Every structure is written in structure tokens, then in C-alpha cells.
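None of the figures in this text is laboratory data; all of them are computed from the coordinates on show. All values derive from a computational prediction rather than experimental measurement. Glycine gets a Cβ as well: all are built from the backbone with ideal geometry, and neighbour counts include every protein chain shown.
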């Protein structure tokens, strides 16, 4: 694994936890809907800056692009909604561990079947063992 890719993935994990805690705190003061709109507005502003700074492309919908490649926005909404809702109720550690568990399960399936254009990487005993460790981590964090 390349160091910089690992560091970026680690930073995304930290950002996800901080984002969930900040959204939960803001939701407690302004309401869940308002917190999601503020979060999404900031994400949209950042996306526009990145889009234009990286040489904007002419189209958002290239011909022949499968519909399922556009579900990222819906998934992002589910992440911020669920995280902001559950974090104050079950705690950051348990909530994030369950999010990682869900990510691990989805990643194993997506790799195994080569979903969404990913290269196929069959499930192996070692990968199942790694997933079992995530399950064990969730169990231990809940105690």
C-alpha cells in the first residue's frame, strides 16, 4: 500500500468522525435538517472550487455512463444523515465502528463481484479474517 494513499484514507476516516460529531452538535442546536443543509452547502462550495481549479470538464453526464455511477450523492446523504442522527445516541466509537463494519461488508462484496467497474478481487480466508476482526472490534467497543 502506498504511504500517501494510506495517509489520505486515514485522514478521510478522521474527517468522517469529526464531520459526524460536528453535524450532530449542530443538529442539536439548529435541527437535523438545518445541519444537513449547512454541511451540504459547504461540500458543494468546496466541490465547485475543486471543479473549476482542476480544469472544468464540459459535461457532467458523459454518454454511456451507467446510472449506478451517480448514486454517490445519495450515499453521501445517507452517511451524513445517519451519522448525525446516531452519533449522539450510541456514541462516536460505536457509531463509527458500525460505519466501518458496513463499509467493510460492502467493500468485500464490491471487490468480490467487481461491482461498479472495480477490478474483481475474490473473497479469501484472509479477507474474511480481516472482516471478522472488524466485527470483533464492534463487539468490544460496545462493552
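Summary table
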{"item": "Residues listed by number, region 73-109, amide nitrogen under 18 Å from residue 14 label point at 7 Å toward C-beta", "result": "93, 96-97"}
{"item": "Theoretical FRET efficiency, 1/(1+(r/R0)^6), r = Cβ-Cβ of residue 41 and residue 121, R0 35 Å, to 0.05", "result": "0.40"}
{"item": "In Å, descending, principal axis extents of the Cα set of the chain", "result": "45, 43, 30"}
{"item": "Region 66-143: translational diffusion in µm²/s, Stokes-Einstein, Kirkwood Rh over Cα pairs, 4 °C, 1.567 mPa s", "result": "93 µm²/s"}
{"item": "Residues in region 97-117 reached by a label modelled at residue 5 [backbone nitrogen below 20 Å; 7 Å Cα→Cβ]", "result": "103-117"}
{"item": "Debye log10 I(q)/I(0) for region 1-57, one point scatterer per Cα, at q = 0.15, 0.27 Å⁻¹", "result": "-0.62, -0.98"}
{"item": "Diffusion coefficient, µm² s⁻¹, Stokes-Einstein with Kirkwood Rh over alpha-carbon pairs of region 42-111 at 10 °C and 1.306 mPa s", "result": "107 µm²/s"}
{"item": "Within the chain, helix-based [θ] at 222 nm, where runs of 4 or more DSSP H residues each add -39,500 (n - 2.57), nearest 500", "result": "-26500 deg cm²/dmol"}
